[in-house]
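Some notes on the structure that comes next.
The values are calculated or read from the model by the stated rules, or taken from the named source; none is laboratory data. Note that the structure is a prediction, hence the values are computed from the model and not measured. Neighbour counts are summed over all protein chains in view; Cβ atoms, including those assigned to glycine, are modelled from backbone coordinates with ideal geometry. Ligands, DNA and RNA are stripped out before the accessible areas are found, and what is left, the full protein with its side chains, is counted by its heavy atoms. Shrake-Rupley method; radii C 1.70, N 1.55, O 1.52, S 1.80 Å.
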Amino acid sequence: MTPQEARSMLETTLREIVPDASLAELGGSADLRQELELDSLDFVELVDRLSKRAGFRIEDDDADELRTADSATSFLVRGSAGRS
Amino acid sequence: MPSLGADMDEGILLEWLVKAGDAVHRGDIVAVVETPKSAVEVETFDDGTVQQLLVEEGQTVPVGAPLAVIADGHGAAPVEAVPAVAATPPVVAVPAVHPPSPVLRHRARELGVDLDQLTGTGPDGAVTRQDVEHAVAVHAVDRHPLDRHVGRPRGRGRVPAAAPTGRAGRLRVSPLARRLAAEQGVDLATLAGSGPGESIRAADVRDAAAAGRDAAAAGRDGRPVEPPATTPPRAEHAAPQDMRTAIAALMSRSNREVPHYYLSTTIDLHAALQWMHERNRELEIADRLVPAALMLAATARAARQVPQLNGHWVDGGFVPAVQVRLGFIVSLRGGGLLVPAIAEADSVSVVETMARVRDLTRRARSGRLRASELAEPSITVSNLGEQGVESVQGVIYPPQVALVGFGTPVERPWAVDGLIGVRPLVTATLAGDHRASDGATGARLLRAIDALLQRPEEL
């Protein structure tokens, strides 16, 4: 998965959870949970959907990796590389 | 979007009566807007040609937002819309030298009136809006039975496109029915209309609301009753203003009537989160636990242990509840909140608690809660853990007598067995009704929650 693909996967998934999110204004280093007001249930859903899309299981311990758009993107790239 | 009252800060554009390219004149009715109280017609202040509609039907926009662009000879200007119910009656007469305006033609078409058949009573014999409506009243056409009342701003009485609806197309709802539905938490989409053309009348809403109340009352007695399958009474989100008003009334009452006392303690979540992470490794991702589920489960069991805080203050005395109906506050994305409850929360597992929280939260946010799920809890939890604040000093939901609050779990230095370690800590608070209990009783509840969270495997 390229970083572009990972970022687009992240944005698609976020849009499913927060349909009115303005992702264009979302900086790469902004805290996703705070900026998009994700609660813990939303976050579980984000992890679930990303896991299914990316094809690898994301554990609780990986939550920090999904803190920002940038870190989540590189985490998805690394995670999918570990798979293939 | 015009302001149609001091308490209005947004409105729903229900229907456009003009389209791009239409000529409009000052005073023409161009749109129908829904406010918390009713549907209101909106007129324009300008002469010109509608250049562009900026807002779609069904869309909610804040007061002051432009609805459309009207071009005059001097270039485009946003519509300065004012409500037709303003003190000065709107001027809608069309001079005879002009053909009837698009608005009037639209109205006539909508009402099934042939303009050529009318005798105008306006200046120079022009056909006016009143003439059109008079013709409708006289012929009592039933194409739009709800629109027959003449001479008043009329609600189109249709559900905006954005509203949840269980059937194809738009619902036909009388304005009174719509208002009642919002007040009583009835989902219009679930009703079968008994009015002409299956339109929903106020009586239909009242019946559904009564069915919902019966179900709710039965639930309070500890005998949860499923709402009838045919017309499930459900809560539909009221307009944000209505919800704000409702919250304002209840919280003001609480602040006025309930002498609160506040307690607070710090709980070490190390054992609870350790256990949770272990469980989560085995669970499907979609079923994973979040810390709130453990805190809710612990609170429910603690409420059973301290029954003096689990119940209601009724007619000057405390009435303990027969079960723990644990309410938890769900904040809605558009503002406002709902408090669904987990029935018999003290006897369901953490995993089951999590499943109920997930389900109720989802449906609270999509406006699909049943009335029985919104029946009075016996104790409520406010979990502001998601908001990044460390503690919450809550306001009790009367007639309940206690509100438990949890802040965000944070990692802090903490002394364990004489050594300093870094531990995940949460601040648990209790707002208690001092009429029903004293601080010592409240302290027992917080201590019980703490103790339960140290033995998560027993929850």
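Out of the residues in the stretch A:30-43 meeting the condition of being under 12 Å from the mean Cα position of the chain (by Cα) and either open to solvent by 80 Å² or more (accessible area, probe 1.4 Å) or in contact (Cβ under 8 Å) with a residue 24 or more places away in the chain (or both), tell me which one is farthest from A:Glu65 (Cα to Cα).
A:Asp42
Looking only at residues in the stretch B:398-409 that are within 14 Å of chain A (Cβ to nearest Cβ) and either open to solvent by 10 Å² or more (accessible area, probe 1.4 Å) or without any contact (Cβ under 8 Å) to a residue 60 or more places away in the chain (or both), which one is farthest from A:Asp31 (Cα to Cα)? So that I can check it myself, show each step before the final result.
Let us first name the residues in the stretch B:398-409 that are within 14 Å of chain A (Cβ to nearest Cβ), namely B:406-409.
Pick out the ones that are also either open to solvent by 10 Å² or more (accessible area, probe 1.4 Å) or without any contact (Cβ under 8 Å) to a residue 60 or more places away in the chain (or both) and you get B:407-409.
Details: B:Gly407: 19, B:Thr408: 16, B:Pro409: 17 Å.
The selected residue is B:Gly407.
Got a sec? Which of B:Val404, B:Val389 is within 18 Å of B:Ala321 (Cα to Cα) and either part of a strand (DSSP E or B) or touching a Ser or Thr at 6+ places or on another chain (Cβ under 7 Å) (or both)?
Working: B:Val389 fails: within 18 Å of B:Ala321 (Cα to Cα).
Being within 18 Å of B:Ala321 (Cα to Cα) and either part of a strand (DSSP E or B) or touching a Ser or Thr at 6+ places or on another chain (Cβ under 7 Å) (or both) holds for just one of B:Val404, B:Val389, which is B:Val404.
Within 14 Å of chain A (Cβ to nearest Cβ) and not in a helix (DSSP H, G or I): is that true of B:Gly327 in this structure?
Working: within 14 Å of chain A (Cβ to nearest Cβ): no; not in a helix (DSSP H, G or I): yes.
No; evaluated as a whole, the condition is false for this residue.
May I ask you to list the residues in the stretch A:15-29 that are more than 8 Å from every other protein chain (Cβ to nearest Cβ) and loosely packed, with under 15 Cβ neighbours inside 10 Å?
Within the stretch A:15-29, A:Arg15, A:Glu16, A:Pro19, A:Ser22, A:Ala24, A:Glu25, A:Gly27, A:Gly28, A:Ser29 qualify.
Which of the residues spanning the stretch B:337-348 are open to solvent by 20 Å² or more (accessible area, probe 1.4 Å), in contact with a helix residue (DSSP H, G or I) (Cβ under 7 Å, 6 or more places away or on another chain) and of a type outside the set (A, V, I, L, M, F, W, C)?
B:Asp346
Taking the criterion of being more than 13 Å from every other protein chain (Cβ to nearest Cβ), open to solvent by less than 30 Å² (accessible area, probe 1.4 Å) and not acidic (Asp, Glu), would at least one residue in the stretch A:54-66 satisfy it?
No: zero hits.
Do you know which of the residues in the stretch B:430-459 that are of a type outside the set (A, V, I, L, M, F, W, C) and crowded, with 20+ Cβ neighbours inside 10 Å is nearest to B:Arg301 (Cα to Cα)?
Going through the stretch B:430-459, the residues of a type outside the set (A, V, I, L, M, F, W, C) turn out to be B:432-435, B:437-439, B:441-442, B:444, B:447, B:450, B:454-458.
Remaining after also requiring crowded, with 20+ Cβ neighbours inside 10 Å: B:432-433, B:437, B:442, B:456.
Values: B:Gly432: 17, B:Asp433: 20, B:Ser437: 18, B:Gly442: 14, B:Pro456: 12 Å.
My answer is B:Pro456.
Among the residues of the stretch B:317-325, is there at least one that is in contact with a Phe, Trp or Tyr (Cβ under 9 Å, 6 or more places away or on another chain), modelled with pLDDT of 85 or more and surrounded by fewer than 18 Cβ atoms within 10 Å (Cβ to Cβ)? Before the answer, list the steps.
Let us first name the residues in the stretch B:317-325 that are in contact with a Phe, Trp or Tyr (Cβ under 9 Å, 6 or more places away or on another chain), namely B:319.
In the following step, the residues that additionally are modelled with pLDDT of 85 or more were identified as B:319.
So of that shortlist, the ones also surrounded by fewer than 18 Cβ atoms within 10 Å (Cβ to Cβ) come out as B:319.
There is at least one residue in the stretch B:317-325 that is in contact with a Phe, Trp or Tyr (Cβ under 9 Å, 6 or more places away or on another chain), modelled with pLDDT of 85 or more and surrounded by fewer than 18 Cβ atoms within 10 Å (Cβ to Cβ).
Given the conditions (1) within 14 Å of chain A (Cβ to nearest Cβ); (2) touching a strand residue (DSSP E or B) at 6+ places or on another chain (Cβ under 7 Å), report the number of the one that B:Arg358 does not fulfil.
(2)
Does the stretch B:296-310 contain any residue that is within 11 Å of chain A (Cβ to nearest Cβ) and either in a strand (DSSP E or B) or of a type in the set (Gly, Ala, Ser) (or both)? Lay out the reasoning, then the answer.
Residues of the stretch B:296-310 that are within 11 Å of chain A (Cβ to nearest Cβ), as a first pass: none.
No, that holds for no residue.
Every residue in the stretch A:44-53 that is surrounded by 18 or more Cβ atoms within 10 Å (Cβ to Cβ), over 17 Å from B:Arg356 (Cα atoms) and more than 7 Å from every other protein chain (Cβ to nearest Cβ), please.
Passing the criteria: A:Leu46, A:Arg49, A:Leu50.
From the list B:Val395, B:Val351, which one is open to solvent by 40 Å² or more (accessible area, probe 1.4 Å) and in a helix (DSSP H, G or I)? If you could, list the steps in order and put the result at the bottom.
Working: B:Val395 fails: in a helix (DSSP H, G or I).
Only one candidate qualifies: B:Val351.
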